[in-house]
Every structure is written in structure tokens, then in C-alpha cells.
Amino acid sequence: MSNKKLPLPFTALIFALTLVGCTAIEKGDASDTEQLLSAAGFQMKLANTPEQLAHVQTLTQRKVVPHDQDGNTRYVYADAEFCGCVYAGDQAAYQRYQETAVEQNIAEMNEDAAMNWGMWDAGWGW
């Protein structure tokens, strides 16, 4: 084996491409979640001012979090990086979101279970 190091520009390029790939995956995940939230009845509000965007950045990012508002629980999903927005919903919207997310996970598991294992049986020792 050789102890040669990769040239710095090449190493930097590999690192940059890795970051771009990770960001693309995160953006896709955020987009999927935001579609589920919208379908469940969450309302989306864009951060239209620098002050609003600064506030969105202080919130928990890309997770649905309960917040108390005048004795009522509102569920908030903030995404400062990709959409610069906040999704907010009530208890009913949150319940629909959870049910839809579970249904989607079950559908994905069913797709995985439908894999043709017969062509992979040999050599795995299971």
C-alpha cells in the first residue's frame, strides 16, 4: 500500500460533495415532513421579515414541538434552513399528522417485506 496523500483540492472536493449529499437528504426529509404536516391541517407561515426569520431560528428545528398559547396547546414545526417558515397546528391536526406518519412507515415496511428474498438466500447463512 502506498502512503501517498490525496491532493488538497481533491480532498476538499470530496468533502464538499459529501456535505451537498447530506444536505440534499435532509432537504428531502424536511420536504416529506412538511407535506405530511400540510395534509394533516397544519398552517404554514413564511418568515417574511428578518425579525421573523431570527425568531424561527431560535425554535427547535424540523421537529414537531408542543407550545402553550393562551391555555391551548399548539404544535409547531420550524424550518429556518430550507423553507424559512413555521407550521402550526392544533391537537386534531397533530393527531392526523401522527396517524399519517405511522401509515407511511407501515407502507414502507410492507414494501421492504415484499422483497424477493429467494434470489438472496444462498450464502447468507440465515
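The values are calculated or read from the model by the stated rules, or taken from the named source; none is laboratory data. Source: prediction; values computed, not measured. With ideal geometry, Cβ positions are generated from the backbone for all residues, glycine too; neighbour counts draw on all protein chains shown.
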Of the numbered conditions (1) small (Gly, Ala, Ser); (2) surrounded by 15 or more Cβ atoms within 10 Å (Cβ to Cβ); (3) part of a helix (DSSP H, G or I), Ala88 satisfies every one except a single condition; which is it? (3)
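How many residues are assigned to a loop (DSSP other than H, G, I, E, B) and at negative phi if we restrict to segment 66-85?
Counting residues in segment 66-85 that are assigned to a loop (DSSP other than H, G, I, E, B) and at negative phi gives 4.
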Consider only pairs whose beta carbons are under 6 Å apart and that are at least six residues apart or on different chains; among these, list those whose first residue lies in segment 100-126 and is under 30 Å from Gly41 (Cα atoms) and among the hydroxyl-bearing types (Ser, Thr, Tyr) and whose second residue is at pLDDT 75 or above and surrounded by 10 or more Cβ atoms within 10 Å (Cβ to Cβ). Thr100/Leu36; Thr100/Ala40
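Name the one entry in Glu111, Glu51 that is assigned to a helix (DSSP H, G or I) and either small (Gly, Ala, Ser) or modelled with pLDDT of 95 or more (or both).
Numbers: Glu111 fails: either small (Gly, Ala, Ser) or modelled with pLDDT of 95 or more (or both).
One residue alone meets the criteria, Glu51.
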